[in-house]
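Worksheet for the structure shown next.
The values are calculated or read from the model by the stated rules, or taken from the named source; none is laboratory data. Every value quoted in this text rests on a predicted model; they were computed, and no experiment measured them. Methodologically, a virtual Cβ is constructed for each residue, glycine included, from the backbone with ideal geometry; neighbour enumeration extends over all protein chains shown. Just the protein is used for accessible areas: all its heavy atoms, side chains included, with ligands, DNA and RNA removed. Shrake-Rupley method; radii C 1.70, N 1.55, O 1.52, S 1.80 Å.
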Amino acid sequence: MVAATHTIWLCPGQGAQKVGMAKDLAARFAAARDALGVSLSRLMFEGPEDELTATHNAQPAILAHSAAVFAVLGSAAGRAVAAAGHSLGEYSAYVTAGALAAPAAAALVRRRGELMHQAGTARPGTMAAVLGLATAEVEAACREASTGDAVAVPANLNAPDQTVISGDPDAVTRAGEACKRRGAKRVIPLKVSGAFHSSLMAPAANQLRVVLEHAPFRDPAFPVVANATAEPVRDAARARRLLADQLTAPVRWVDCMRRAAELGGGEEGGGTRFIEIGPGNVLASLLRRIVAAASVTSLGTADEVTRFLEAA
């Protein structure tokens, strides 16, 4: 394989965690062992699953897996021109850009997970995935379902025909039914501990903003595309602000991927390669639906990383 001219890092979000994650990486690569650390890796390797799935554990575990792959790849991936991460993955993206050290980022997302769980306990909410319906139709269904004291909003704009909605349980149920009436193929309730990326997370966002102000951020070495605005972020102050905004704003993933492709040289991509680092290949699958010509590789297991290094 001839190395691509440019690399764009993609970092997955919550939901990709599973018991045994990164265990093969740690066994094969010293750099991965160093990146993972001892306390968190035990939970990642051995579980139990219900403990790993808890928001405050799942978030640092997924970040650690992404950081471990990144540490192993080193310069073999070529020159990075941008990064993007889905929800908590945005913190992993800042690790790849040198704006946050992995241990500091892990501490941040653990606290983020705790605050999100607390907000979800204080005001219970839920989320549901809407498949096979255009985003504009989902937005209209949410407006129709929302009332003064119960809201439903588009929370993850994952693909042109895949949107996750979030909010108060009754409003999300109504919005899901409205989406079905508008032609959605499926509406799938999600197992979450709160209405993430909605106004129900406002208490968490306010507290996270204070935590981020004291976090050891540096300006990123290359732009990180922000979930909340799909803009390329190039300075630490803006990064802090948008990471806090992110908790109550939708993840504009379609716009993020289109913007990242532009940073890599346009929709055709040229010599640009997207590399998804961490558990699973969800982001690679979404990217192919958003930027059809994109070149993308998912690297999460030891075998995947080994094959990539040998080819590079």
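Key figures
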{"read-out": "Global geometry of segment 236-298, whether rounded, prolate or oblate, following the gyration tensor of its Cα atoms and the 1.5 cut on a/c", "value": "prolate"}
{"read-out": "Three-way shape call for segment 153-200 based on the alpha-carbon gyration tensor, with the a/c threshold at 1.5", "value": "oblate"}
{"read-out": "Among 290-299, 73-82, 159-168, the order from most to least packed when residues are scored by Cβ within 10 Å on average", "value": "159-168, 290-299, 73-82"}
{"read-out": "Carbon plus sulfur fraction of accessible area for segment 191-312, probe 1.4 Å, in percent", "value": "49 percent"}
{"read-out": "Selected from Ala230, Ala261, Asn206, residue furthest toward positive end of dipole (segment 174-280; charges at beta carbon)", "value": "Asn206"}
{"read-out": "Segment 1-68 and segment 245-312: distance between their alpha carbon centers, rounded to Å", "value": "17 Å"}
{"read-out": "Ranked by how many other beta carbons lie within 10 Å on average, peptides 47-59, 200-212, 91-103 from highest", "value": "91-103, 200-212, 47-59"}
{"read-out": "Taking N as its residue count, the alpha carbon Rg of segment 59-120 over 2.2 N^0.38 Å", "value": "1.16"}
{"read-out": "Helical contribution to [θ] at 222 nm, DSSP H n ≥ 4, -39,500 (n - 2.57), averaged over the chain, rounded to 500", "value": "-14500 deg cm²/dmol"}
{"read-out": "Computed label-point distance, nm, for sites Asp170 and His214 using a 7 Å Cα→Cβ extension", "value": "3.9 nm"}
{"read-out": "Interchain or long-range residues, amide H under 5 Å from Val251's placed H", "value": "Asn156, Leu157"}
{"read-out": "Cα-based shape type of segment 66-223, given that a ≥ b ≥ c are square roots of the gyration tensor eigenvalues and the cut on a/c is 1.5", "value": "oblate"}
{"read-out": "Rg/Rh for segment 194-312, where both radii come from Cα atoms and Rh is the Kirkwood radius", "value": "1.02"}
{"read-out": "Most mobile of Asn156, Asn227, Asn281 in a GNM of the chain (Cα contacts under 10 Å)", "value": "Asn281"}
{"read-out": "Extension gain, Arg123 back to Ala107 (0.36 nm per residue minus Cα-Cα distance, nm)", "value": "3.3 nm"}
{"read-out": "Vicinal HN-Hα couplings computed from phi for segment 273-289 (Karplus, 6.51 cos²θ - 1.76 cosθ + 1.60; Hz; Gly/Pro x)", "value": "10, 7, 10, 8, 10, x, x, x, 9, 4, 5, 5, 5, 5, 4, 4, 7"}
